[in-house]
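Here is the structure we will look at, set down as structure tokens.
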Amino acid sequence: MSHLPGTPARAERLRIGVVGAGRVGAVLACGLRAAGREIVAAAGESDASRRRLDDLLPGVPVDKPSAVARACDLLLLTVPDDMLANVVRVLADSGALREGQYVVHTSGRHGLAVLAPATAVGARPVALHPAMTFTGTAVDLDRLGGCVFGLTAEPEERELAARLVSDLGGRCLWVPESRRALYHAGLAHGANHLVTLVTEAMEILAAAGADDPASTLRPLLTAALDNALEHGDAALTGPIVRGDVGTVQAHLDGILAEAPQTLPSYLTLARATLSRAVTDGRLVPIRALKMREVLDEAAAAARPVRWTT
């Protein structure tokens, strides 16, 4: 195999350090260790982080972030998005980063720009984001197989980035620097908002008397998700697509009376569904107008949500 400049065979012997032993960092480091990579040190301050390190990386020394950075050839930064820029700046200003060192972060939102202080001292930046939700336990290791990693790197670092993904059993998706936030928005909208949607659906079913809302929903949601991923809008069913204004009105009446906390998201998603049904021609405009009027009336009748601090 040929190697890119600066990534000879010794790349397979890179000493890896981890700063941020949260759910993602501890699991990825464990996966890389299982693939034969050397994890030389990790930083994690909370009790939960220390427990993860004990469970997933037994024997790996725990140290301060600056000490971890100095000890490794590849620094894996798995800190929260809003902390990342400050962590990189502090490590660079303290002299903990050096020329030729790989600095890899796992933020979905950020690309290479956030690593500018590291690049300025000659470090080699990589953005490597797993498109997966994590529990921070060994359960996650099997989920990494086939997981897509959103990668952003300069040509000189691409081979190393792809090797790391291969070590973890994942697949590469190369994301342009300018599209990182958009890439992450798609994942968050699909996964994070799905959790909110499912939770609210369970609240509505509980209000209707279901003693096990999760079991009631599971077969339906599994089929709906599979169909949506396979067929997109063509998988859409239900009263809005059929133009059943009376049914939607009944939904709104029941939700307003028994589960009003779920009404805002129901209305928002109903409007989005209505728009897509009209766009693809399955619902005629006059029927859509009646449906929209019902949704608007329910929004007007709902008590405004007051945010408190």
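The values are calculated or read from the model by the stated rules, or taken from the named source; none is laboratory data. Everything numeric here is computed off the predicted structure, so don't read it as measured data. Cβ coordinates were reconstructed from backbone atoms using ideal geometry, including for glycine residues, and neighbour counts include every protein chain displayed. Quick note on the areas: whole protein, heavy atoms, side chains included, nothing else; ligands and nucleic acids left out. Shrake-Rupley method; radii C 1.70, N 1.55, O 1.52, S 1.80 Å.
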note = Taking the stretch 167-177 and keeping only residues that are free of Cβ contacts under 8 Å to residues at least 60 places away in the same chain and either open to solvent by less than 50 Å² (accessible area, probe 1.4 Å) or farther than 29 Å from ARG37 by Cβ (or both), one is left with GLY170
message = If I filter the stretch 180-191 for residues that are modelled with pLDDT of 95 or more, part of a helix (DSSP H, G or I), touching a helix residue (DSSP H, G or I) at 6+ places or on another chain (Cβ under 8 Å) and of a type outside the set (A, V, I, L, M, F, W, C), do I get at least one hit?
response = no
remark   = Matching residues in the stretch 111-134 (closer than 18 Å to GLU177 by Cβ and either open to solvent by less than 30 Å² (accessible area, probe 1.4 Å) or free of Cβ contacts under 8 Å to residues at least 60 places away in the same chain (or both)) number 16
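So for the stretch 141-151 (the condition being at positive phi, surrounded by fewer than 17 Cβ atoms within 10 Å (Cβ to Cβ) and touching a Lys or Arg at 6+ places or on another chain (Cβ under 7 Å)), does at least one residue qualify?
Yes: one or more hits.
Being closer than 20 Å to ALA191 by Cα and open to solvent by 80 Å² or more (accessible area, probe 1.4 Å) narrows it down to one of ARG242, ARG218, so name that one.
On the way: ARG242 fails: closer than 20 Å to ALA191 by Cα.
On inspection, the qualifying residue turns out to be ARG218.
Would you pick out the residues in the stretch 199-215 that are open to solvent by less than 80 Å² (accessible area, probe 1.4 Å), at negative phi and either part of a loop (DSSP other than H, G, I, E, B) or in contact with a Lys or Arg (Cβ under 9 Å, 6 or more places away or on another chain) (or both)? Quick ask: steps written out before the conclusion?
First pass over the stretch 199-215, keeping only residues open to solvent by less than 80 Å² (accessible area, probe 1.4 Å): 199-207, 209-210, 212-215.
Subset that is at negative phi: 199-207, 210, 212-215.
Answer for the stretch 199-215, where residues must be open to solvent by less than 80 Å² (accessible area, probe 1.4 Å), at negative phi and either part of a loop (DSSP other than H, G, I, E, B) or in contact with a Lys or Arg (Cβ under 9 Å, 6 or more places away or on another chain) (or both): ALA210, ASP212.
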ask   = Out of the stretch 254-263, which residues are open to solvent by 50 Å² or more (accessible area, probe 1.4 Å) and either in contact with a helix residue (DSSP H, G or I) (Cβ under 8 Å, 6 or more places away or on another chain) or not in a helix (DSSP H, G or I) (or both)?
value = LEU256, GLU258, GLN261
query = Out of all the residues in the stretch 89-97, is one or more more than 19 Å from ARG15 (Cβ to Cβ), in contact (Cβ under 8 Å) with a residue 40 or more places away in the chain and in contact with a helix residue (DSSP H, G or I) (Cβ under 8 Å, 6 or more places away or on another chain)?
reply = no
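Looking at LEU229, LEU236, LEU283 in this structure, which one is at pLDDT 95 or above and either open to solvent by 70 Å² or more (accessible area, probe 1.4 Å) or of a type in the set (A, V, I, L, M, F, W, C) (or both)? Full working, then the answer.
Numbers: LEU236 fails: at pLDDT 95 or above; LEU283 fails: at pLDDT 95 or above.
Checking each option against the conditions leaves just LEU229.
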query = Which one of these does SER49 not meet: (1) among the small types (Gly, Ala, Ser); (2) open to solvent by 70 Å² or more (accessible area, probe 1.4 Å); (3) modelled with pLDDT under 95?
reply = (2)
query = Of the residues ARG180, ARG158, ARG163, which is in contact (Cβ under 8 Å) with a residue 12 or more places away in the chain and touching a strand residue (DSSP E or B) at 6+ places or on another chain (Cβ under 7 Å)?
reply = ARG180
message = Let me confirm something: among VAL148, VAL90, VAL165, which residue is of a type in the set (Val, Ile, Thr) and touching a Phe, Trp or Tyr at 6+ places or on another chain (Cβ under 6 Å)?
response = VAL165
key: ARG163 farther than 30 Å from ASP47 by Cβ and touching an Asp or Glu at 6+ places or on another chain (Cβ under 6 Å)   = no
ask   = Any idea which of (1) open to solvent by less than 20 Å² (accessible area, probe 1.4 Å); (2) assigned to a helix (DSSP H, G or I) is the one ALA42 doesn't satisfy?
value = (2)
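Only one of ARG98, ARG89 is over 24 Å from VAL165 (Cβ atoms), at pLDDT 95 or above, open to solvent by 60 Å² or more (accessible area, probe 1.4 Å) and over 26 Å from the mean Cα position of the chain (by Cα); which?
Numbers: ARG89 fails: over 26 Å from the mean Cα position of the chain (by Cα).
Exactly one of ARG98, ARG89 is over 24 Å from VAL165 (Cβ atoms), at pLDDT 95 or above, open to solvent by 60 Å² or more (accessible area, probe 1.4 Å) and over 26 Å from the mean Cα position of the chain (by Cα), namely ARG98.
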